[in-house]
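Bear in mind that the values in this text are calculations on the coordinates, not laboratory data. Given the structure is predicted, the values throughout are model-derived calculations rather than measurements. Note that we place each Cβ from the backbone using ideal geometry, even for glycine, and neighbour counts take in every protein chain shown.
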Amino acid sequence: MSFEFIKQLPTPAEIRQEYALSDKMVALKEERDAQIHKVITGESDKFLVIIGPCSADHEDSVCDYTNRLAKVQEKVKDKLIIIPRIYTNKPRTTGEGYKGIVHQPDPEKDTDLLGGLIAMRKMHIRAIEESGLTCADEMLYPENYRYLSDILSYVAIGARSVEDQQHRLTVSGMDVPAGMKNPTGGDLSVMMNSVVAAQASHQFIYRGWDVKTSGNPLAHTILRGAVDRHGCCHPNYHYEDLIQLVEMYEKRDLKNPACIVDANHSNSNKKFFEQIRITKEVLHSRKHDSAVERLVKGVMIESYIEEGNQKICDHVYGKSITDPCLGWEDSEHLIYTIADLV
């Protein structure tokens, strides 16, 4: 057989029951969700800052980082809503290497999917308990979403997933904002089509069930730059790109036109320090044009405690073992700069 069925894993309901949210955390999530929803719909003029490690690799350092964000959030709460990135799945271009905590709760040990499902839920719960901030995660595997659906306040759909039908349909059943990235090739119409699909109602097979969704009016776009056929990066955060996206939204019958700009990935050519300059340029474009200001609801930044990245075996606390990230001091300063410029 091409598939070896190793063992049956607990259902999301079973994991959620064993590792449940307290009543306090449920109320906190409802409050945070309402605030974030209002930004996407335009009812609030606050600005979203979705920030955190490329991949959430170790619980202690990730929660340390999130607790630092909580202190900054209190200082900028009148202008910004900080959503920590706790990305528990790491897409790999070739499929090789560390795939994230859901695969390897210990990055130096073999795959343990049951341990990974538990570890990712425990990490998110601890982050909420300690920081008071509900977080974002990337939905790399649609069938895994229900393990975290009661916890997350924001979901990202990656550049390699955005064309996939199951991802689009699963987003249509979410009740939190979901950002659909442009594909790696950069075709913005593909991204827009994914938003159209995600905002519509669908009936499909999900986790062995015949399900029907209501559509997600909070589905929106994320610009992350593109890669051409020669492997060269082309940014799409400039003013002209944002105006083009404004015009594309105007031609579509979509709810809540909104965009998040990913300051890293192909927008920065993975030069992590460029995220500071890129973020400032995006904020300048918002100041320059009211249509851009209405469209761009936030930025996405890859950041950790220590700047750069390292090999898994190096064991530097709070330093990325995947893509390089901004360090904490630069990240904190950037958040204050964003608050001053919005």
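At a glance:
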quantity: Whole-number Å³ per residue for the convex hull built on Cα positions in the range 23-341; calculated: 127 Å³
quantity: Anchor residue 297: lysines whose Cα lies under 19 Å away (excluding residues fewer than 8 positions away in-chain); calculated: 38, 46, 77, 79, 181, 255, 280, 287
quantity: The chain: most fluctuating residue of 100, 308, 208 per GNM, C-alpha cutoff 10 Å; calculated: 208
quantity: Residue-wise HN-Hα coupling along the range 6-12, computed from phi with Karplus coefficients 6.51, -1.76, 1.60 (Hz; x: Gly, Pro); calculated: 6, 6, 7, 8, x, 6, x
quantity: Over the range 203-264, equivalent-ellipsoid semi-axes from the Cα gyration tensor in Å; calculated: 30, 18, 10
quantity: Long-range amide H partners of residue 80 with built H, under 5 Å; calculated: 47
quantity: Amide hydrogen neighbours beyond the local backbone of residue 303, cut-off 5 Å, H modeled; calculated: 52, 54, 326
quantity: Total formal charge among the other residues, if their Cβ is under 14 angstrom from that of residue 179, Lys/Arg +1 and Asp/Glu -1; calculated: +2
quantity: Computed [θ] at 222 nm, helices only, for the chain once each DSSP H run of length n ≥ 4 contributes -39500 (n - 2.57); calculated: -12000 deg cm²/dmol
quantity: Long-range HN-HN contacts of residue 156 with modeled amide H, under 5 Å; calculated: 137, 138, 139, 179
quantity: Those aspartates and glutamates that a straight Cα-Cα span of less than 16 Å connects to residue 109, excepting residues fewer than 8 apart in one chain; calculated: 57, 59, 96, 314
quantity: Flagged links, alpha-carbon separation over 27 Å, of 7/29; 90/212; 99/270; calculated: 7/29; 90/212
quantity: Cα gyration tensor of the range 1-139 - equivalent ellipsoid semi-axes, whole Å, descending; calculated: 30, 17, 14
quantity: Relative contact order %, the range 114-168, counting alpha carbon pairs below 8 Å whose residues are six or more apart; calculated: 32 percent
quantity: Pairwise label distance in nanometres, residue 114 with residue 18, each label 7 Å out on the Cα-Cβ vector; calculated: 0.7 nm
quantity: Label-point separation in nm, residue 77 to residue 313, each point 7 Å along Cα→Cβ; calculated: 4.7 nm
quantity: Where N is the number of residues in the range 289-336, Cα Rg divided by 2.2 N^0.38 Å; calculated: 1.54
quantity: Estimated vicinal HN-Hα couplings, Hz - the range 39-46 in sequence order (Karplus 6.51, -1.76, 1.60; Gly, Pro = x); calculated: 5, 5, 7, x, 6, 10, 9, 5
